[in-house]
Amino acid sequence: MTTEADVRKYNREAWNHQVATGNKWTLPVSPEVIAAARKGDWSVVLTPTKPVPREWFGDLRGKDLLCLAGSGGQQAPVFAAAGARVSVLDNSPAQLGQDRLVAEREGLELRLVEGDMRDLSAFKDESFDLIFHPCSNCFVDAVRPVWREAARVLRPGGVLLSGFTNPVNYLFDLALEKQGIFTLKYRMPYSDFTSLSDEERRRFTDVNEPLCVGHSLEDQIGGQVDAGLAVVGFFEDSFGPEDALSRYYNGFIATRAMKLPTR
């Protein structure tokens, strides 16, 4: 049986490998991007392509912001350049190293923490005004602990911005999908660790690609609500027209949720 530790260990090493091979989500932003952010000109994504509305953030200056499972030398340095006090928690030391590289190059302050997104014990209750959590909770086997911990470290009225995958993406026959034929093969709950045969899984493990878990929308959206967060913003996104599935539906979701004051 695959354990939480197995999932975390495998995906830590897989993302370290992605840094070494230049995955686009691991490439540090340029000095020009940081210079523009210092002037208030910046844009980031929670999902593959669609920029997050700037009104979802408010004014970043002086805010305590947690970039949750979103390192890679991209969003966190931009937030710091825009004036936020930024902490980053990520499972991959190589990904954190990309944030460190940009911070040192640009003279930015970032607090970098290696850890599990389901365990934010490195941070005290009500430490943050804003959490930015791009598509990454598919790399853990349980998502509700992520929402509970995010709610704990947010201040009342604080905001959680999240991106995540529509679980339907994972349910099609992998071989036929590459031919543009979409046949349901797998069922929910879905996990690359347990739903695939050994042969199917080797398509990913032989090239050190991360393995994913398809969390239900009840856990993704209902889990936020159950953690004491009110969903107040929502949009969908896709990989774009070059992706076969994206011709039929949007496979990614972004939410803006606010921590409700305690009674």
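Within region 185-206, residues that are closer than 20 Å to VAL143 by Cα reach partners that are among the acidic types (Asp, Glu) and surrounded by 11 or more Cβ atoms within 10 Å (Cβ to Cβ) with beta carbons closer than 8 Å, at six or more positions or on different chains, in the pairs SER191/ASP141; PHE193/ASP6; PHE193/ASP141.
Flag not set for ALA76, criterion: farther than 30 Å from ASP243 by Cα, crowded, with 24+ Cβ neighbours inside 10 Å and free of Cβ contacts under 8 Å to residues at least 60 places away in the same chain. The condition (being among the β-branched types (Val, Ile, Thr) and open to solvent by less than 50 Å² (accessible area, probe 1.4 Å)) is satisfied by just one residue among THR255, THR262: THR255. Reported count of residues in region 240-252, each being crowded, with 17+ Cβ neighbours inside 10 Å, touching a helix residue (DSSP H, G or I) at 6+ places or on another chain (Cβ under 8 Å) and of a type in the set (Gly, Ala, Ser), is 1.
Residues in region 178-187 include at least one that is basic (Lys, Arg) and either open to solvent by less than 20 Å² (accessible area, probe 1.4 Å) or at pLDDT 95 or above (or both).
Hey, any hits in region 57-72 for a residue that's open to solvent by 70 Å² or more (accessible area, probe 1.4 Å) and not polar (S, T, N, Q)? Yes. Residue count for region 129-150 satisfying the condition of being more than 23 Å from THR205 (Cβ to Cβ) and open to solvent by 10 Å² or more (accessible area, probe 1.4 Å): 6. Within region 205-222, restricting attention to residues that are farther than 16 Å from ARG8 by Cα and in a helix (DSSP H, G or I), the residue that is most open to solvent (accessible area, probe 1.4 Å) is GLU218. Taking every residue in region 229-255 that is at positive phi and pairing it with any residue that is of a type in the set (S, T, N, Q), at least 6 positions away or on another chain, the pairs with Cβ-Cβ distances below 8 Å are GLY240/THR49; GLY240/SER246. Annotation: of all residues in region 229-260 being in a strand (DSSP E or B) and of a type in the set (A, V, I, L, M), the one that is nearest to GLY157 (Cα to Cα) is MET258.
The values are calculated or read from the model by the stated rules, or taken from the named source; none is laboratory data. The structure presented is a predicted model; accordingly, all values stated were derived computationally and were not measured. No Cβ is skipped: glycine too gets one built from the backbone with ideal geometry, and neighbour counts run over all protein chains shown. Each accessible area value is taken on the protein alone, full model and side chains, heavy atoms only, with ligands, DNA and RNA left out. Shrake-Rupley method; radii C 1.70, N 1.55, O 1.52, S 1.80 Å.
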